[in-house]
1. Convert each backbone phi in the range B:245-252 into a coupling constant with the Karplus relation 6.51 cos²θ - 1.76 cosθ + 1.60 (shift: θ = phi - 60°), then list the ³J(HN,Hα) values in order as whole Hz, x for Gly and Pro.
2. Rounded to the nearest 500, what is chain B's calculated 222 nm mean residue ellipticity when only DSSP H runs of at least 4 contribute -39500 (n - 2.57) each, over all residues?
3. Residues with amide H under 5 Å of A:Cys94's amide H, sequence separation 5 or more or different chain, H placed in the peptide plane at 1.01 Å from N; which?
4. Below 17 Å, Cα to Cα, which lysines can B:Lys78 reach? Residues fewer than 8 away in the same chain don't count.
5. A:Lys12: which lysines have alpha carbons under 30 Å from its alpha carbon, excluding same-chain residues fewer than 8 sequence positions away?
6. Could you pull the Rg and Dmax for the range A:73-118, using just the Cα atoms, both in Å?
7. Say a site is exposed when it is one of the GluC sites (Glu not before Pro), sits in a DSSP loop, and has at most 16 other Cβ atoms within 10 Å; what is then the longest site-free stretch of chain B?
8. If exposed trypsin sites (Lys or Arg not before Pro) are those in a DSSP loop with at most 15 other Cβ within 10 Å, what is the longest stretch of chain B that has none?
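Read-outs throughout are calculated quantities, based only on the coordinates presented, and are distinct from any laboratory measurement. What you see is a predicted model; the values in this text were computed from it and never measured. As a convention, Cβ positions derive from the backbone with ideal geometry for all residues, glycine included, and neighbour counts pool all protein chains shown.
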Amino acid sequence: MICENCKQRPAKVTVTQVHNGEHFERHYCEVCANSLHPFYVEYKHDPLSLHQLLSNWFNHADQPVHQKQNRPQLVCDECGWSIQRFLDEGKFGCASCYTSFRKQLPNVLKRLHNGNTSHVGKAPGAFGEKLKLKKQIEAVRLQLKEAIEVERFEEAAKLRDEARELESKLAAGGDETHVD
Amino acid sequence: MSIERFLDNSPSSWMAGIGEHSDIVMSTRIRLARNLNGYRFPLAFTEDEAHKIDQSVSATLLDANEDLHKHFSSIQIKDLSELSRQVLVEKHLISPKLANSPMTGSVLLSDDESVSVMVNEEDHIRIQCLFPGLQIQEAYTQADAIDGLLEKELPYAFDEQFGYLTSCPTNTGTGLRASVMMHLPALTMTKQMNRIVTIISRLGMVVRGIYGEGSEALGNVYQVSNQTTLGKPEEDILADLQSITEQIIQKEREARNALLKHSSNTLEDRLYRSLGTLSYARIMTTDEAATCLSDVRLGIDIGLIKDVDVTILNECMVFMQPGFLQQYAGTTLNASERDMFRAKLLRERLQMGVTPKTKGEELT
């Protein structure tokens, strides 16, 4: 058989296309196949392999495959999914899975996110404000300690009041949004 | 408001052909994935949970119409015919996953179709903002506003370490996917796309072909988006995408200039042949239509073809798809009927897009 495209070289590659639910088979030589479907090999398997990759990475990183069967499975008590099911599907069953598998997750996440395992960035309002307040209080307390060490008591008193005010805000639920 | 509006009115605001660098960047999309505490993720939840989530998200957003200065309509996916679902998918207003979901789910659409909030897709909430041209920051600001509104009323699943908790670990953290849809004919013609795809993937970004199955870049349209969502704040993700997009724009412009300089006759011939095909062909497959539309678009961008409106081409890219064609025809069509109907519609649309003066000249 010769290539359908250039009609010169022998056909070596079969391309199956699904178009509007119909299957088409095309036969190309290697040269034409490459130019017509340059991204074919790189991407076609991507969605399929995600969970396979997850599974492989995790198992390699953690334990030899044959031991896996003997160990009791880690299971999320909220949705009942095991960690193996998470790895097989490549998806979580519920938000509590993140808590149930907390120890194992960094291993998986760092491979998906360029080595990162912790979130930085936006947080839901109340959550974000509380985090911000906590950090502010920490900073003020540090300044307070320094002020006491160098015996600048007037400044220390001010800082102490500031810390108290921030703490009362935190106790009130961190609702005041314009603390800085 | 009735659903027909969103089905009949082919042009969405993102097709307007405006915005910065709109000759190369067709549209910008921001997507935020969010989930509610207390319910399992859509892969594991029950119909009862699905129903409750749907009700509370829809109610919250519909109540907030005034604050957002946008009017939203809620559409239950189950109420739609298969064809209507396909049309919404082809307009990028819902995903195939939501269209085929057996559980209760819905989409909340703003009247200008720039915002769509999907309920019970892979995550409980998917906020999507689609803007014309390169408008990464603008689209994010809009998505962020809707996110802020929802989070005030609904308890989000969030973890201090992992950030926003999502069904898929590839979205964990910010839950943010920012993408730009780019028309890159010159980089494709000069066979530079492979190299660019490789470089970009090293920078934590992904390039895929849009339209069509799998990875083929039908009509030379590529989607560039961030791959990682964890460990980088939103601003950095957006800034990185902006900078990579600008560099690709630069490379595409260089490639266009090189083509014009070194093979302007061949290029001109090809672009005008495509215009001819679109104007006169009687049978047109999706692939051929996409290729021809891409050529004519390039012809307009580089000033060769002057009398066709870019907006019409953007619309054509959408309505030449199978679902839209059948919506227009008002009946189901098999593949070969579709190819004929597509050719007819493209002919008519292009004639409408040609200014009367030129048309007169052609007739005399």
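1. 4, 4, 5, 5, 4, 4, 5, 5
2. Numbers: 14 runs with 180 residues, N = 364.
Value at 222 nm, helices only, nearest 500: -15500 deg cm²/dmol.
3. Close amide H contacts, sequence-distant or interchain: B:Phe41.
4. B:Lys52, B:Lys97
5. A:Lys44, B:Lys191
6. 10.3, 30
7. On the way: sites that count: B:Glu20, B:Glu160, B:Glu213.
That would be B:214-364.
8. Numbers: sites that count: B:Lys191, B:Arg282, B:Lys306.
Counting at most 15 other Cβ atoms within 10 Å as exposed, the longest clean stretch of chain B is B:1-190.
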